[in-house]
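Asker: Take a look at this one; I'll ask things after.
The values are calculated or read from the model by the stated rules, or taken from the named source; none is laboratory data. Since the model is a prediction, treat every value here as computed from it, not as a measurement. A quick note on method: Cβ atoms are made from the backbone with ideal geometry, for glycine too, and the neighbour counts reach across all protein chains shown. For accessibility, only protein heavy atoms count, side chains too; no ligands or nucleic acids. Shrake-Rupley method; radii C 1.70, N 1.55, O 1.52, S 1.80 Å.
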Protein chains: 2
Amino acid sequence: MNLNQENTTVGFIGLGAMGAGMAGCLLRKGWRVHVYMRRPEVQAAFIYAGAHAHDSAADLGRACDAVVLSLPNADAVETVLFGEKGLAQELKPGTYVIDTSTIAAASAQEFGKRLAARDVSFLDAPVSGGQEGAAAGTLACMVGGDAVQVEACRGLLSAFSQNIFHVGPSGAGQTVKACNQVAVAGAMLGVADALALARAQGVDPDVMRDVLLQGTARSVPLEKHAPRIIQENFEPGFRARLMRKDLRLALDAARAADTSLAAAPVAERLLDAMCEQDRGDWDWCGLALEVGKPGDGARES
Amino acid sequence: MNLNQENTTVGFIGLGAMGAGMAGCLLRKGWRVHVYMRRPEVQAAFIYAGAHAHDSAADLGRACDAVVLSLPNADAVETVLFGEKGLAQELKPGTYVIDTSTIAAASAQEFGKRLAARDVSFLDAPVSGGQEGAAAGTLACMVGGDAVQVEACRGLLSAFSQNIFHVGPSGAGQTVKACNQVAVAGAMLGVADALALARAQGVDPDVMRDVLLQGTARSVPLEKHAPRIIQENFEPGFRARLMRKDLRLALDAARAADTSLAAAPVAERLLDAMCEQDRGDWDWCGLALEVGKPGDGARES
């Protein structure tokens, strides 16, 4: 049975920068939303907007037919699901857990198996599009799981997602999210290199960018981030420490499969350098300031 | 005075994969073209198409008001200009040399100074767009040099270039070309990482690519090269050994300015590995086969 506004009470756990926007979309579009969070000041705003609040994840679980999670990491998901007063013990058979957190594919698969034993469906459904996309309901959502279950949740997901991609079985959503992050990291490194080279050679970086946008080097980092790098405006956006977390998930997955990556380890190192300089809350394009520093040796030999 | 078809005899030296297409554009569009090359079989085709052939660069130089070069490297440019029976000794004052070769900015600046002493103008004008773009006259041309001189050559350049960018003084064209190459190399590394990760995790690479094309990881390598990598079709295209040459120019320029780059050294290493396996004439996107190999250590530590 497909979830819809008549037959579904939706729980939402994790009302941070992303989750608050997504839960807001569900409320605005008329879904019955129940929330649980540890920070009462945020909860108050949602109660005002029409959400029903609970004192624990377990309590929320008893009331809901589907629960959306938006949490910072797999440990937080584990705690919400299986910790004290956790969701899992209270969810009815046939309930859906839709995890929009970015975690390891292996963690998603493990949570899926443990919940399947209770006849609860688990979909990994990480998103991209940032806070703005979450608030506007224009996220892209990469979903891993059983096709019938994904279809059942499509209406709910579309409350906050403009594009919903079913990309494969359990864990595949997380893998495609990781692929997205390593691909955009590579493009960002290329932009950082180009800006460092232009600077070193005394060429106007804005002129260089205008030319590159017309050709094969065109990319989203060149279009959106290069102007911010040139102006040294590093207000987030997407924070360096969060991009580092995402790349570490990708690198851990690759390492577990004995697979080497090319761009991701370099990007991780630059983001490490940012975090060590207390720049973890800058936009991640600030990694460009770490490129071009003298003394590193321009060429590995 | 602007160069036009009435007042200008154009010399063309370097009728390789790129140069033959560009010289063909000049001929088709009605310019008087004189050629010189060492390979008589190619020369014959151009004579048939209406070009006038010479026995030496010096001989060609005596007949021409502007000379376009399309040569593999700075040594070849140096030989054509200043070697035995070279151009420089025979060029009339006021002549233009337009160098579409990809060489170091520093070399271009040096050639420019030496020719300026003879009242000959030298523009660095490297191109991008590949053999297809050269044949069709749709190249992008990045020009460094004096603004008045660049304007004088715009009509001639437009015979083979769809977009002509004056990006700064002597050498700036080469710098922007180098910026383009490092930027696209970074994006390619990101694509290679994403494909390696999808493969390692058992996710369909075509599905992954379709999703990434909709978002922030969209890039030309993802659009044009990823399908070829997935199908293992490495027919050039742009050859690995030529991309390696271009990246080495960028890395040398960066090193001379004590500037480190992030993506370019990694791409160079992967292209080295291709060349060591006799894959230098494969399309450069074949570097993706070097990513994901086991044992390399996915994560630098």
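Asker: So for the pair A:Asp206, B:Gln214, with labels modelled 7 Å out along Cα→Cβ, what separation do we get in nm?
Answerer: The two pseudo-label positions are separated by 3.6 nm.
Asker: Related question: Under the definition of partner shielding as Cβ atoms of other protein chains within 10 Å of a residue Cβ, what is the mean value for peptide B:263-276?
Answerer: Counting other chains' Cβ atoms within 10 Å and averaging over B:263-276 gives 4.
Asker: Let me ask something additional. Among A:Gly202, A:Gly16, A:Gly137, determine the one that fluctuates most according to a GNM of chain A built with springs between C-alpha atoms less than 10 Å apart.
Answerer: A:Gly202
Asker: Given the DSSP H assignment, sum -39500 (n - 2.57) over each helix run of at least 4 residues in chain B and divide by its residue total; what's the result at 222 nm in deg cm²/dmol, nearest 500?
Answerer: -14500 deg cm²/dmol
Asker: Can you compute the label reach from A:Glu6? Point 7 Å from Cα along the Cβ direction, backbone N cut-off under 13 Å, restricted to segment A:24-61.
Answerer: Backbone N within reach: none found.
Asker: Quick one: which residues, 5 or more positions from A:Glu90 or on another chain, have an amide H under 5 Å from its amide H? H modelled 1.01 Å from N in the peptide plane, none for Pro or chain starts.
Answerer: none
Asker: At B:Ala17, with labels set 7 Å past Cα in the Cβ direction, how many nm apart are the copies from this one, shortest first?
Answerer: Distances to the matching label points in the other copies: 4.4 nm.
Asker: Under a 1.4 angstrom probe, counting protein chains only, how are A:Leu91, B:Leu289 ranked by accessible area, largest first?
Answerer: Sorted by accessible area, descending: B:Leu289, A:Leu91.
Asker: Sorted by accessible area with a 1.4 angstrom probe, largest first, how do B:Asp65, B:Asp246 fall?
Answerer: The ranking, largest first, comes out as B:Asp65, B:Asp246.
Asker: If you don't mind, there's one more thing I want to ask. Taking 8 Å as the Cα distance limit and 6 or more residues as the minimum spacing, I'd like the relative contact order of chain A as a percentage.
Answerer: Working: 546 pairs, mean separation 41.7, N = 301.
Once divided by the residue count of chain A, the mean separation gives 14 percent.
Asker: Give the aspartates and glutamates reachable from B:Lys113 as a straight Cα distance under 16 Å; neighbours fewer than 8 places away on the same chain don't count.
Answerer: Output for B:Lys113: B:Glu78, B:Asp99, B:Asp124, B:Asp146.
Asker: Residue by residue through B:205-214, how many Cβ atoms from other chains fall within 10 Å of the Cβ on average?
Answerer: For this peptide, the per-residue mean of nearby foreign Cβ atoms is 5.
Asker: Same structure, new question: Could you order B:Glu90, A:Glu232 by accessible surface area, starting with the largest, using a probe radius of 1.4 Å?
Answerer: Details: B:Glu90 55, A:Glu232 120 Å².
Output order, biggest surface exposure first: A:Glu232, B:Glu90.
Asker: What is the spin-label model distance, in nm, from A:Ala17 to A:Ala53 if the labels are put 7 Å beyond Cα along the C-beta direction?
Answerer: Inter-label distance under the simple model: 2.4 nm.
Asker: Here's a follow-up. Leaving ligands, DNA and RNA out of it, work out the accessible area of A:Leu242 with a 1.4 Å probe and give it in Å² to the nearest 10.
Answerer: That residue has around 60 Å² of solvent-accessible surface.
Asker: Between A:Ala117 and A:Gln89, what is 0.36 nm times their sequence separation minus the Cα-Cα distance? Round to one decimal in nm. Could you put the intermediate results ahead of the total?
Answerer: Numbers: separation 28, 0.36 × 28 = 10.08 nm, distance 1.15 nm.
This chain segment gains 8.9 nm when fully extended.
Asker: Same structure, new question: Using only protein heavy atoms and a 1.4 Å probe, report how much of B:Arg62 is accessible, in Å² to the nearest 10.
Answerer: 120
Asker: Per-residue HN-Hα couplings for segment B:235-250, Karplus 6.51 cos²θ - 1.76 cosθ + 1.60 at θ = phi - 60°, whole Hz, x for Gly and Pro?
Answerer: 5, x, x, 9, 6, 4, 5, 6, 5, 4, 4, 5, 5, 5, 4, 5
Asker: At 1.4 Å probe size, what's the solvent-accessible area of A:His166? Round to the nearest 10 Å².
Answerer: Solvent-accessible area, nearest 10 Å²: 70 Å².
Asker: Estimate the FRET efficiency between A:Arg248 and B:Gln162 by the formula 1/(1 + (r/R0)^6), using the beta-carbon distance for r and 35 Å for R0, to the nearest 0.05.
Answerer: 0.20
Asker: Please sort B:117-124, B:252-259 by packing, taking for each peptide the average over its residues of neighbouring beta carbons within 10 angstrom, highest first.
Answerer: Most protected by this proxy first, the peptides run B:117-124, B:252-259.
Asker: Next question, about the same structure. Under the classification rounded if a/c is under 1.5, otherwise prolate if a/b is larger than b/c and oblate if not, where does chain B fall, given a ≥ b ≥ c as square roots of the Cα gyration tensor eigenvalues?
Answerer: It is prolate, given that a/c is not under 1.5 and a/b is the larger ratio.
Asker: Still on this structure, I have one more. Return the long-range amide H neighbours of B:Ala66 (sequence gap of 5 or more, or a different chain), with a cut-off of under 5 Å between placed amide H atoms.
Answerer: Sorted by chain and number, the residues that satisfy this are B:Thr9, B:Gly11, B:Tyr96.
Asker: For A:Arg255 and B:Arg154, what is the calculated FRET efficiency with R₀ set at 60 Å and r taken between the beta-carbons, to the nearest 0.05?
Answerer: Using R0 = 60 Å, I get an efficiency of 0.70.
Asker: Could I ask something else about it? Please calculate how many Å² of accessible area chain B carries per residue, with a 1.4 Å probe and no DNA, RNA or ligand atoms counted. Don't skip to the answer; put the middle values down first.
Answerer: Working: 11930 Å² over 301 residues.
It amounts to 40 Å² per residue over chain B.
Asker: Summed for both chains, how many Å² of accessible area, to the nearest 100, are buried between A and B with a 1.4 Å probe?
Answerer: 5700
Asker: Take every residue in peptide A:165-174, count the Cβ atoms of other chains within 10 Å of its Cβ, and give the average of those counts.
Answerer: Rounded to a whole number, the mean comes out at 4.
Asker: I want to verify a result. In a Gaussian network model of chain A, Cα cutoff 10 Å, which of these has the top mean-square fluctuation: A:Ala152, A:Ala20, A:Ala262?
Answerer: Result for chain A, Cα springs under 10 Å: A:Ala262 fluctuates most.
Asker: Out of the total accessible area of the protein assembly as shown (probe 1.4 Å, heavy atoms of protein only), what percent is carbon and sulfur?
Answerer: Values: 11290 of 23870 Å².
Ligands and nucleic acids excluded, carbon and sulfur reach 47 percent.
Asker: Between B:Asp278 and B:Glu235, what is the FRET efficiency for a Förster distance of 22 Å, r being their Cβ-Cβ separation, to the nearest 0.05?
Answerer: The calculated FRET efficiency here is 0.90.
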